[in-house]
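Please read the structure below before turning to the comments.
Any read-out appearing in this document is the output of simple, stated calculations on the displayed coordinates, not a laboratory observation. Since we're looking at a predicted model, the values are computed, not measured. Using ideal geometry, Cβ is built from the backbone for each residue, glycine included, and neighbour counts are taken over all protein chains shown.
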Amino acid sequence: MLLYLLRHAIAVPRRTAAYPDDDRPLTEAGIAKMNKEAKGLLRLIAPPDLVLTSPLRRAAETADIVARAFSIERRVDVCAELLPGASMNRLIQHLAGIGKASSILLVGHQPDLGHLAAYLLGSAAPLVEFKKGSLACIRTGALAPKAEGRLLWLLTPRQIRALA
């Protein structure tokens with residue numbers, strides 16, 4: 001299975017009076033950059049079988065942009081296990097129970113995506129720092145009880161936008 005780990009795009013800063021942290025939307029610049037990044041993704045990967053997104057607004061908006069670019073809006077599911085600080089064991093169980101998907105795009109947050117990447121690559125310590133809009137591709141077989149994934153690539157948002 002290919003797992004694509006995507007950190008959400010640029011959002012309104014924390015502690016912005018008009019938005020509680022969980023409801024921070026993407027900025028106009030974040031939307032514009034993610035729209036261009038999505039065009040780059042069209043050239044980089046095949047449409048994923050499933051898109052799982054954190055319920056937080058900034059992640060969901062990012063997932064929607066990517067899904068629209070691939071015309072797979074109906075393949076987007078909200079996944080509470082992608083919330084910041086959620087149990088990674090529950091996320092792994094959720095992923096293991098999905099079944100026939102050969103590729104899944106996960107849209108989430110840092111440092112959780114870094115911890116997930118470390119787990120998938122068999123490391124106890126985070127190996128990857130995800131900047132906003134960064135995308136990693138990890139090939140993995142079994143997810144539990146121990147993942148033995150392989151990092152195929154990690155791209156910055158600028159690199160992905162350059163493909164557009």
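Data table
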{"item": "Net charge, Glu81 excluded, C-beta distance under 10 Å - Lys, Arg +1, Asp, Glu -1", "result": "0"}
{"item": "Within straight-line cross-link reach of Lys131, lysines at Cα separation under 17 Å, skipping those fewer than 8 residues along the same chain", "result": "Lys33, Lys36"}
{"item": "Helix-derived mean residue ellipticity, 222 nm - over the chain, DSSP H n ≥ 4, -39500 (n - 2.57), to 500", "result": "-10000 deg cm²/dmol"}
{"item": "Cβ-defined net charge surrounding Arg14, 10 Å radius [Lys, Arg +1; Asp, Glu -1]", "result": "+1"}
{"item": "Region 2-162, relative contact order [Cα under 8 Å, separation at least 6], %", "result": "30 percent"}
{"item": "Volume in Å³ per residue [convex hull over Cα atoms, computed for region 67-164]", "result": "111 Å³"}
{"item": "Assigned charges on the beta-carbon of Lys, Arg, Asp, Glu; the chain dipole about Cα centre (debye)", "result": "460 debye"}
{"item": "Tyr19 long-range amide H proximity, modeled H, under 5 Å", "result": "none"}
{"item": "Residue-wise HN-Hα coupling along region 62-76, computed from phi with Karplus coefficients 6.51, -1.76, 1.60 (Hz; x: Gly, Pro)", "result": "4, 4, 5, 4, 5, 4, 4, 4, 8, 6, 10, 3, 7, 9, 9"}
{"item": "Degrees between helix 28-44 axis and first principal axis of the chain (Cα, 0 to 90, nearest 10)", "result": "40 degrees"}
{"item": "Karplus-derived HN-Hα couplings along region 109-125 (A = 6.51, B = -1.76, C = 1.60, θ = phi - 60°), whole Hz, x at Gly and Pro", "result": "10, 9, x, 4, 5, x, 5, 5, 4, 4, 4, 4, 9, x, 10, 7, 9"}
{"item": "Fluctuation leader among Leu42, Leu143, Leu152 - the chain, Gaussian network, Cα springs under 10 angstrom", "result": "Leu152"}
{"item": "Trypsin sites (Lys or Arg not before Pro) within region 15-111: DSSP coil, no more than 13 neighbouring Cβ in 10 Å", "result": "Arg15, Lys100"}
{"item": "Calculated diffusion of the chain, Stokes-Einstein form, Kirkwood radius summed over Cα pairs, 20 °C and 1.002 mPa s, µm²/s", "result": "137 µm²/s"}
